[in-house]
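All remarks here apply to the structure that follows.
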Amino acid sequence: MSGICGIFNLDAAPVAKAELKAMTAMLEERAPEGTGDWRDGPVGFGQTLLATTAELALERQPFIDATSGCVITADVRLDNRAELLGALQITRPPESVGDAELILAAYLKWGERCPERLLGDFAFGVWDPRTQALVAARDRVGVRPRYSYCEQAQCLLFASDARAVLVRPRVPSCFN
């Protein structure tokens, strides 16, 4: 499984590059095929890649939608790709569309209710700059883990490994 992490500073402080890199570094053993990160003001996402499908091998994350500016980081394997491609009217060759891109397209069409339309294993975070909102979800069974911590209404952290969240010194070791 790939690894994902994110920081949202609710107090609008810029995300420190070193903190995001430290979180991402904690995920590298999960996914040795590459890392990516993205920061914009108070939000930052990281991802480490383990390409378990042909689509994942082509996908680079965090993925940014050029039109909306929305950004996603995801650990995902979708089982209803063909259904989603049709419902979202994506006409590109299916093998050129990654699962994270599909989730982001689903978010852009169905909003926060998009996880209801997804079949498979997933954990993701989407930053929507239009509404200044962070949307995070995981599959109903919890196959893809996502640990979250909100620090006294100043910062929201999430990651697919608890150790990445614990990089922040003020996070108690007994969080979830």
Strands (runs of 3 or more DSSP E) enclosed by region 119-165 - at least 3 residues per element that are of a type in the set (Gly, Ala, Ser): 120-128, 133-138
Of all helices (runs of 4 or more DSSP H) fully inside region 1-94, the set with 3 or more residues that are out of contact with any Gly (no Cβ under 9 Å at 6 or more places or on another chain) and within 26 Å of Gly111 (Cα to Cα) is 81-87
Region 144-176, subset of a type in the set (S, T, N, Q) and under 14 Å from the mean Cα position of the chain (by Cα), residue most open to solvent (accessible area, probe 1.4 Å): Ser148
Qualifying positions in region 132-143 - closer than 20 Å to Ala13 by Cβ and open to solvent by 90 Å² or more (accessible area, probe 1.4 Å): Gln132
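Pick out the one residue from Leu20, Leu27, Leu104 that is open to solvent by less than 10 Å² (accessible area, probe 1.4 Å), closer than 24 Å to Val171 by Cα, without any contact (Cβ under 8 Å) to a residue 60 or more places away in the chain and among the aliphatic types (A, V, I, L, M). If you could, list the steps in order and put the result at the bottom.
Working: Leu27 fails: without any contact (Cβ under 8 Å) to a residue 60 or more places away in the chain; Leu104 fails: closer than 24 Å to Val171 by Cα.
Selected residue: Leu20, the only one of Leu20, Leu27, Leu104 that is open to solvent by less than 10 Å² (accessible area, probe 1.4 Å), closer than 24 Å to Val171 by Cα, without any contact (Cβ under 8 Å) to a residue 60 or more places away in the chain and among the aliphatic types (A, V, I, L, M).
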Check on Leu108, more than 19 Å from Ala133 (Cβ to Cβ) and either β-branched (Val, Ile, Thr) or assigned to a helix (DSSP H, G or I) (or both): no
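The values are calculated or read from the model by the stated rules, or taken from the named source; none is laboratory data. This structure is a prediction, so every number in the text was calculated from the model and none was measured. A quick note on method: Cβ atoms are made from the backbone with ideal geometry, for glycine too, and the neighbour counts reach across all protein chains shown. What goes into the accessible areas is simple: the full protein's heavy atoms, side chains included, and nothing from ligands, DNA or RNA. Shrake-Rupley method; radii C 1.70, N 1.55, O 1.52, S 1.80 Å.
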